[in-house]
Amino acid sequence: MATKKTATKKTATKKATTKKTAAKKSAARTATKTTAKKAAIKKAAKKATKKPRIDPLRELAWDVLCAFDAEDATPAVQLEFVDGFLATAADRGIAVDLDVALPYCAEVLGLEPGELRATYEGHSRQLAAVHRASGRAGEVDALVELCAKEGRFGDTFQEAAARALADAWPRLGAALGQRLFVGRKDLRLRRAGPFATLAGFEAARDVRWLELVVTPDCDLAPLAALTKLQNLHLSGKLAGYGVLARLARLTTLQIEADAAGLAELASLPTLRVLTLTVAEDVSLAGLLDLKQLGLLKLLAGSRRLDEVTAATIAALAKKKTRKLLLAQHEGWPLQLTLTKRTSPGYVEIN
C-alpha cells in the first residue's frame, strides 16, 4: 500500500514538473516572439524615417534649370537645356545618353518627353542637313531653314544656327543677307561668333538695332548702308570706326577701343550714349572731344586710376548735360571715394 502511494506521488510530481517546464518554454517562446516583433517594428520605423536616395540625374536636371533662371521653355531653351544637361553630366563623370537624359529634362521643363524629343531631334536633323550641304547647292536653303527659330535672350537666331551662319558668311553672305536680313529691324547676333566679313549686311537696310561680333581685321564699310541704325553693340575691334560717321541716326554705341578708335568716335556727330571698354594703356582724354555725349558708361577692368584719367573724369563730370557711370565692381569708384549708387551696378560721379 505504501509502495503504491509513493508511486502515485512520484507520478504527480513528474506531471507537475513537466507542466511547469512546458509553461516556462511557452513563456520563453512568447517572449522571443515579442522581442522579434519589437525588433521588426523598430527596423520598419527606422527604414521609414531614413531619407530617400536622391536620383543624381534628377538633381542634375534641377541644377541646370537654376542656371537657366526660370526662362520659358521656348524651343531655343529646350535645345540648350538638353545640351547643358549632357555637358554637366560629363563634367560630373556621369555617363548618360540622349535617351536617358530626355525624360529628366522634360520633367523639370514641364514638357512631355515626346515633345522635347521632337524639338531636339528636329533641330539635329536641320543642323546635319547644313553640314551635308556645306559647299554644295542647297546650302543657303538649309541655313535659312535652320535659322527659322529665335534664340535665347532675344537673339535673332538660335546659337548653333547663328554660329553656322557666321561660318558660312564669307562664302554665302550676299545670298544669306537677302534671305535672312531684308526687312528686319532688329539683329542680335552676339552669340554667332566673329564675322570675318560683313559683305552682305547691306541687305539689312531697315535695321535699327544691331549686335555683332567681328574679327579684328573685319572691314565695317558695309555698315554704312544701314542708314536707319540707331543702336550698335560691336565687339572684336578696337579701331576702324570712322565709317560709322555716315550713320546719321546712330545715337547709342557699345564698343571696345584703343587710342585710335577713341579718336575716331569724335567724328560721330549724333552719338549720345556710349558704353566703352578701354585697355590699360589707352588715354581717356579723347572722350572730351565727344561734344554731344550725354551718357557714358566706362568699363576698364582692373586698370588703376592714373592722373590723366582722374583729370578726364573730373572734366567730364563738370558737364551738367552729361551723366557718367563707373562700374561699381571696378576700382575707380572706390579710388575716387564715390559711394552714391544711382543704378544697378554703376556709380554716378556727377
**Q.** Residues (at pLDDT 70 or above, closer than 15 Å to residue 296 by Cβ and surrounded by fewer than 13 Cβ atoms within 10 Å (Cβ to Cβ)) located in segment 316-349
**A.** 318
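For the condition open to solvent by less than 40 Å² (accessible area, probe 1.4 Å), among the small types (Gly, Ala, Ser) and out of contact with any Ser or Thr (no Cβ under 7 Å at 6 or more places or on another chain), what is the one hit in 87, 73, 95, 67? Write out each step before concluding.
Values: 87 fails: open to solvent by less than 40 Å² (accessible area, probe 1.4 Å); 95 fails: open to solvent by less than 40 Å² (accessible area, probe 1.4 Å); 67 fails: open to solvent by less than 40 Å² (accessible area, probe 1.4 Å).
Going through 87, 73, 95, 67 in turn, the sole match is 73.
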Q. Any residue in segment 304-312 that is under 23 Å from residue 232 (Cβ atoms) and either surrounded by fewer than 20 Cβ atoms within 10 Å (Cβ to Cβ) or modelled with pLDDT of 85 or more (or both)?
A. no
Q: Residue by residue through segment 145-167, note down the ones that are surrounded by fewer than 16 Cβ atoms within 10 Å (Cβ to Cβ) and aliphatic (A, V, I, L, M).
A: 148
Q) Inside segment 171-181, can you point out the residues that are more than 29 Å from the chain's Cα centre (by Cα) and either open to solvent by less than 40 Å² (accessible area, probe 1.4 Å) or among the β-branched types (Val, Ile, Thr) (or both)? A) 172
Q) So which residues in segment 259-281 are outside any helix (DSSP H, G or I), open to solvent by 50 Å² or more (accessible area, probe 1.4 Å) and either touching a helix residue (DSSP H, G or I) at 6+ places or on another chain (Cβ under 6 Å) or at pLDDT 90 or above (or both), if there are any at all? A) 272
Q: Could you grab me the full set of residues in segment 112-135 that are open to solvent by 30 Å² or more (accessible area, probe 1.4 Å) and either touching a residue at least 60 places away in the same chain (Cβ under 8 Å) or under 22 Å from residue 58 (Cα atoms) (or both)?
A: 112, 113, 114, 115, 117, 118, 119, 120, 121
Q. Could you say whether any residue in segment 233-240 is exposed (fewer than 15 other Cβ atoms within 10 Å of the Cβ) and modelled with pLDDT of 85 or more?
A. yes
Q. With respect to the numbered conditions (1) within 28 Å of residue 67 (Cα to Cα); (2) part of a helix (DSSP H, G or I); (3) of a type outside the set (Lys, Arg), which one is the sole condition not fulfilled by residue 174?
A. (1)
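The values are calculated or read from the model by the stated rules, or taken from the named source; none is laboratory data. Keep in mind that what you see is a predicted model, and the values were worked out from it rather than measured. Glycine also receives a Cβ, built like all others from the backbone with ideal geometry; neighbour counts cover every protein chain displayed. Each accessible area value is taken on the protein alone, full model and side chains, heavy atoms only, with ligands, DNA and RNA left out. Shrake-Rupley method; radii C 1.70, N 1.55, O 1.52, S 1.80 Å.
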